[in-house]
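The values are calculated or read from the model by the stated rules, or taken from the named source; none is laboratory data. Since the structure is predicted, the reported quantities are computational estimates derived from the model, not experimental observations. FYI the Cβ positions are ideal-geometry reconstructions off the backbone, even for glycines, and counts take in every protein chain you see.
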Amino acid sequence: MAGDLNLSNLKPAQERKDRKRVGRGLGSGKGRYSGRGIKGQKSRAGSHAMRAGFEGGQMPLYMRTAKLRGNTSADAMPLGPFRTVTQPVNLRDLEARFEAGEEVTPESLKAKGLIRSIRKDVKLLGVGDLTKKLSITVHGASATAREKVEAAGGTLTLLREPKTRKPKNLKRRPEGRTQSAPETEATETPEAGEE
């Protein structure tokens, strides 16, 4: 039988490839300089262990490019300490995974596979519709999500109260200057009368 296996026709399933042996004479094709050329940084030992982004000593690209100011900017280097990371959860996911009357917490979301970690904050977003009455406890929620949850008869509790933003300084804006000008005049007139 032609397909019989014996010592005369044994061979590996994948042909073996000999290791490249450098520095073994000019006749081998990889003698003398061993394929590294003459001199230079790349001819030296350990020269191929350069870190990512290294450009031979010249100013690398990530340092040449301009960056926006601020430690929370996407282009700021390095990323600042005030950047927050949240895990998004949409209403359509709650509609599909939870039954009416269930409690939705970060632990239950992790158990259902909707989030990866309970260490990071969870934010509820309003993508999709919600028809079930759920009691939801998360770190944050969008205004649309809150409206849809309350419309379905559910409750939404925030583990972290939203930060109140400071009112912007109107005096710096041209329209704000006209409004604040009469107020300053009114405050200055009594002082002049006292004298």
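Counting only residues that are part of a loop (DSSP other than H, G, I, E, B), among the small types (Gly, Ala, Ser) and either surrounded by fewer than 11 Cβ atoms within 10 Å (Cβ to Cβ) or touching a strand residue (DSSP E or B) at 6+ places or on another chain (Cβ under 6 Å) (or both), region 21-41 holds 4 of them.
Number of residues in region 129-153 that are under 24 Å from the mean Cα position of the chain (by Cα), over 13 Å from residue 93 (Cβ atoms) and either part of a helix (DSSP H, G or I) or touching a residue at least 40 places away in the same chain (Cβ under 8 Å) (or both): the value is 4.
Name the single residue that is nearest to residue 164 (Cα to Cα) among those in region 86-140 being of a type in the set (Gly, Ala, Ser) and in contact with a strand residue (DSSP E or B) (Cβ under 7 Å, 6 or more places away or on another chain). Walk me through it before giving the result.
Initially, region 86-140 is screened for residues of a type in the set (Gly, Ala, Ser), giving 96, 100-101, 108, 111, 113, 117, 126, 128, 135, 140.
Those still in the list that are in contact with a strand residue (DSSP E or B) (Cβ under 7 Å, 6 or more places away or on another chain) too: 128, 135, 140.
Working: 128: 28, 135: 25, 140: 13 Å.
Here the residue is 140.
Only one of these is β-branched (Val, Ile, Thr) and modelled with pLDDT of 95 or more: 22, 89. Name it. Show your work before the answer.
Values: 22 fails: modelled with pLDDT of 95 or more.
Criteria check complete, one pass: 89.
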